[in-house]
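K.L.:
Just passing along the structure, written as structure tokens.
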Amino acid sequence: MRFDIISVLPELLESPLNHSIMKRAKDKGLLDVYLHNLREYGLGRHRQVDDYQFGGGAGMVMKPEPLAACIEALQAERTYDAIIYTSPDGVRLDQALCNHLSMHQNLLVICGHYKGVDERIREKYVTLEISIGDYVLSGGELAAAVLVDAVGRLIPGVLNDETSALFDSFQDNLLAPPVYTRPAEWKGMAVPEVLLSGNDKRIDEWRHEQSLERTKARRPDLFEKFVNE
Ligand code: ADE
């Protein structure tokens, strides 16, 4: 799977995408992430990428020409399954959308900055707008990093134990059960006996019950979905 990410601050994406599971996915050849510095497509001597807002108002807007030039240069090389714009007014990213996106080959992500991109870019090129939550980030880069991480780890072969993503929180609209490691007793607090029993069936049942209880208590909205699906 390949991600191309267009950004005015590609450095922001380097660290999160070059460690841990994302690094392993890249090393295994399962995930490629290419960062494109929009500044290289900027206009004039100053490589301008933003401009004032028509109609007045504080904050700059990303100009259409540099973005169009960058998008079209990339489109000339491959077809994209989706052209994504990270923005607080997009659809909320959830596990179902991550699962769906993980089945694609080529995704192009445009990171918004300043007041956002000129609306005509959204109309002409963008096929999917994604928000990672109801709050405003300083730019779309961190949202793009979240997207690549959440989608990339679902590519078959990326996680060591292929089944482990199946047990993630949200995979079936349930939160994950609590987990414990050694020591079995710590500061007077004991690990639930069932986990030490070696009885796989009982352990599975206990985990499922815990997931149900936790979801009901903490995320009644998800629990509703689980019950109705
Ligand atoms: N850019 C700024 N805020 C954002 C958010 N919440 N999600 C995605 N992109 C953003």
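Each value in this text was obtained by applying a stated rule to the coordinates, not by laboratory testing. No experiment lies behind these values; they were computed from the predicted model shown. Here the Cβ is made from the backbone with ideal geometry for all residues, glycine too, and neighbour counts use every protein chain on show.
K.L.:
Could you tell me which of Leu93, Val61, His208 has its Cα farthest along the dipole of the chain towards the positive end, charges placed at Cβ (Lys, Arg +1; Asp, Glu -1), taken about the Cα centre?
P.N.:
Val61
K.L.:
Additional query: How much net charge surrounds Gly112 when only the other residues with a Cβ under 12 Å from the Cβ of Gly112 are counted, with Lys and Arg +1 and Asp and Glu -1? Could you put the intermediate results ahead of the total?
P.N.:
Values: positive: Lys115, Arg122; negative: Asp50, Asp89, Asp118, Glu119, Glu129, Glu141.
Around Gly112, the charge tally is -4.
K.L.:
Follow-up question, since we're still on this one. Give the separation of the Cα centroids, the range 178-221 to the range 88-147, in Å.
P.N.:
36 Å
K.L.:
Please report, to two decimal places, log10 I(q)/I(0) for the chain at q = 0.13, 0.15, 0.18 Å⁻¹ as given by the Debye formula with identical point scatterers on the Cα atoms and no solvent.
P.N.:
After summing over all Cα pairs, the log10 values are -0.86, -1.04, -1.32.
K.L.:
Would you mind checking the range 85-109 for residues with the amide N under 20 Å from a putative spin-label position 7 Å along Cα→C-beta of Glu229?
P.N.:
91-104
K.L.:
I would also like to ask the following. May I ask you to derive the FRET efficiency for Arg78 and Val191 from their Cβ-Cβ distance with R0 = 41 Å, giving the value to the nearest 0.05?
P.N.:
Details: r = 50 Å, r/R0 = 1.22.
Here the calculated transfer efficiency is 0.25.
K.L.:
Using per-residue counts of other Cβ atoms within 10 Å, averaged over each peptide, order 139-147, 70-78 from highest down. Provide the component values of the computation, followed by the final result.
P.N.:
On the way: 139-147: 22.9, 70-78: 13.9.
Output ranking for 139-147, 70-78: 139-147, 70-78.
K.L.:
Related question: With +1 on the Cβ of every Lys and Arg and -1 on the Cβ of every Asp and Glu, and nothing else charged, how large is the dipole of the range 169-227 about its Cα centre, in debye rounded to the nearest 20?
P.N.:
Values: 10 positive and 10 negative charges, 41 e Å.
With only Lys, Arg, Asp and Glu charged at Cβ, the dipole is about 200 debye.
K.L.:
For the residue pair Lys201 and Lys124, what label-to-label distance in nm results when each label sits 7 Å from Cα along the Cα-to-beta-carbon direction?
P.N.:
With each label point 7 Å from Cα toward Cβ, the separation is 6.4 nm.
K.L.:
Right, here's the next one. Under a Cβ-Cβ cut-off of 14 Å, what is the net charge of the residues other than Ser87 that fall near it, where Lys and Arg count +1 and Asp and Glu count -1?
P.N.:
Working: positive: Arg92, Lys115, Arg122; negative: Asp89, Asp118, Glu119, Glu123, Glu129, Asp134, Glu141.
Overall, the nearby charge balance is -4.
K.L.:
Using 0.36 nm per residue, how much length does the chain from Gln105 to Glu11 gain when fully extended, once their Cα-Cα distance is taken away?
P.N.:
Values: separation 94, 0.36 × 94 = 33.84 nm, distance 2.41 nm.
Between Gln105 and Glu11, full extension yields 31.4 nm more.
K.L.:
Give me the Kirkwood hydrodynamic radius of the range 169-227, using the inverse of the mean 1/r over all pairs of distinct Cα atoms, in Å to one decimal.
P.N.:
On the way: mean 1/r = 0.0799 Å⁻¹.
The Cα-based Kirkwood calculation yields 12.5 Å.
K.L.:
Mind ranking 27-38, 201-212, 79-90 by how tightly packed they are, going by the mean number of other C-beta atoms within 10 angstrom, highest first? Could you put the intermediate results ahead of the total?
P.N.:
Details: 27-38: 15.8, 201-212: 14.2, 79-90: 19.1.
Answer by packing, highest mean first, reads 79-90, 27-38, 201-212.
K.L.:
Still on this model: What is the distance, in nm, between label points placed 7 Å from the Cα along the Cα-to-Cβ direction at His208 and at Asp51?
P.N.:
Placing both labels 7 Å along Cα→Cβ, they lie 6.0 nm apart.
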